[in-house]
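As structure tokens, the structure follows; a few thoughts come after it.
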Amino acid sequence: GDSVTQMEGPVTLSEEAFLTINCTYTATGYPSLFWYVQYPGEGLQLLLKATKADDKGSNKGFEATYRKETTSFHLEKGSVQVSDSAVYFCALSDRLNDYKLSFGAGTTVTVRA
Amino acid sequence: NAGVTQTPKFRVLKTGQSMTLLCAQDMNHEYMYWYRQDPGMGLRLIHYSVGEGTTAKGEVPDGYNVSRLKKQNFLLGLESAAPSQTSVYFCASIPGPMNTEAFFGQGTRLTVV
């Protein structure tokens, strides 16, 4: 079945540092890939997405490229801020599975001033 | 536009008690999902629905039941609560095949003692 593996945390960075969170996936079909973010005490919200190979999703300075050849969707941000402290989830969904989201375990990111 | 609303937000149950969690969305979404979030395990799918009157099992359905009598509501029931069901429960909905971005509720924190 479909599955997602993402870099384990926690990750602690200084403000303006470069952030990367690795994510790889296994899927039988042609999934869409997502990064969701969860701020303390809140639900998940979509950060960015990519629906086909070589698509690049971007939002709020974050980027991720759908790499079919390496089955990866790594999240990057060039200069993090304290407000980026959150838990980040990589996920995929596929129409063959009724668009159910399969999530990675989540990576906790803490940015210090 | 309220989005996805979950009630209650917090609940403490005694082992063996029953309860129902309500998820309501006002976006006319077709697909709805119940997930549970446990530390280090990401989100796991309990049950889901692809439209009014339909339900299907997810990854961890045991001990839970669901109903989708109205398109906007998706109910999750615990028939006889167990400590292993202590978790944070999230409801999500997506519009349908043309837009698979998931919208999440704020979560319900359930403790079974």
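Somewhere in the stretch A:102-113, is a residue within 12 Å of chain B (Cβ to nearest Cβ) and open to solvent by 40 Å² or more (accessible area, probe 1.4 Å)? Lay out the reasoning, then the answer.
Start the filter on the stretch A:102-113 by keeping residues that are within 12 Å of chain B (Cβ to nearest Cβ), which leaves A:102-108.
Still in the list and also open to solvent by 40 Å² or more (accessible area, probe 1.4 Å): A:105, A:108.
Checking the stretch A:102-113: at least one residue is within 12 Å of chain B (Cβ to nearest Cβ) and open to solvent by 40 Å² or more (accessible area, probe 1.4 Å).
Among (1) among the polar types (S, T, N, Q); (2) facing chain A (nearest Cβ under 10 Å); (3) out of contact with any strand residue (DSSP E or B) (no Cβ under 7 Å at 6 or more places or on another chain), which single condition is B:THR100 missing?
(3)
How do the strands (runs of 3 or more DSSP E) wholly within the stretch B:4-96 filter down when requiring 1 or more residues that are in contact with a Pro (Cβ under 6 Å, 6 or more places away or on another chain): which remain? Talk me through it step by step, then tell me what you get.
On the way: elements: B:4-7, B:10-13, B:19-25, B:31-37, B:43-49, B:64-67, B:73-78, B:87-94.
Filter on the stretch B:4-96 gives B:43-49.
Considering only residues of the stretch B:19-37 that are more than 9 Å from chain A (Cβ to nearest Cβ) and open to solvent by less than 20 Å² (accessible area, probe 1.4 Å), which is nearest to the chain's Cα centre (by Cα)? If you could, list the steps in order and put the result at the bottom.
As a first pass, look at the stretch B:19-37 and keep what is more than 9 Å from chain A (Cβ to nearest Cβ): B:19-30, B:32, B:34, B:36.
Imposing the further condition that a residue be open to solvent by less than 20 Å² (accessible area, probe 1.4 Å) reduces the set to B:19, B:21, B:23, B:25, B:29, B:32, B:34.
Numbers: B:MET19: 12, B:LEU21: 7, B:CYS23: 7, B:GLN25: 12, B:HIS29: 15, B:MET32: 8, B:TRP34: 3 Å.
My answer is B:TRP34.
Confirm whether A:LEU48 is at pLDDT 95 or above and either of a type in the set (Ser, Thr, Tyr) or within 26 Å of B:VAL50 (Cβ to Cβ) (or both).
Numbers: at pLDDT 95 or above: yes; either of a type in the set (Ser, Thr, Tyr) or within 26 Å of B:VAL50 (Cβ to Cβ) (or both): yes.
So A:LEU48 passes the test.
State whether the residues of the stretch A:14-30 include one that is within 14 Å of another protein chain (Cβ to nearest Cβ), in a loop (DSSP other than H, G, I, E, B) and surrounded by fewer than 17 Cβ atoms within 10 Å (Cβ to Cβ).
yes
Collect the residues in the stretch A:88-105 that are modelled with pLDDT of 95 or more and farther than 12 Å from A:SER32 by Cα, keeping them in residue-number order.
Correct list: A:TYR88, A:PHE89.
B:LEU69 - would you say it is open to solvent by 80 Å² or more (accessible area, probe 1.4 Å), of a type outside the set (Val, Ile, Thr) and without any contact (Cβ under 8 Å) to a residue 60 or more places away in the chain? I'd like the intermediate steps shown before the answer.
Working: open to solvent by 80 Å² or more (accessible area, probe 1.4 Å): yes; of a type outside the set (Val, Ile, Thr): yes; without any contact (Cβ under 8 Å) to a residue 60 or more places away in the chain: yes.
Spelling it out, B:LEU69 is indeed open to solvent by 80 Å² or more (accessible area, probe 1.4 Å), of a type outside the set (Val, Ile, Thr) and without any contact (Cβ under 8 Å) to a residue 60 or more places away in the chain.
The values are calculated or read from the model by the stated rules, or taken from the named source; none is laboratory data. In this text, all values refer to a predicted model and were calculated from it rather than measured experimentally. Heads up, the Cβs are rebuilt from the backbone with ideal geometry, glycines too, and the neighbour counts pull from every protein chain shown. The protein model used for the area step is the full one, side chains on, heavy atoms only, and it has no ligands, DNA or RNA in it. Shrake-Rupley method; radii C 1.70, N 1.55, O 1.52, S 1.80 Å.
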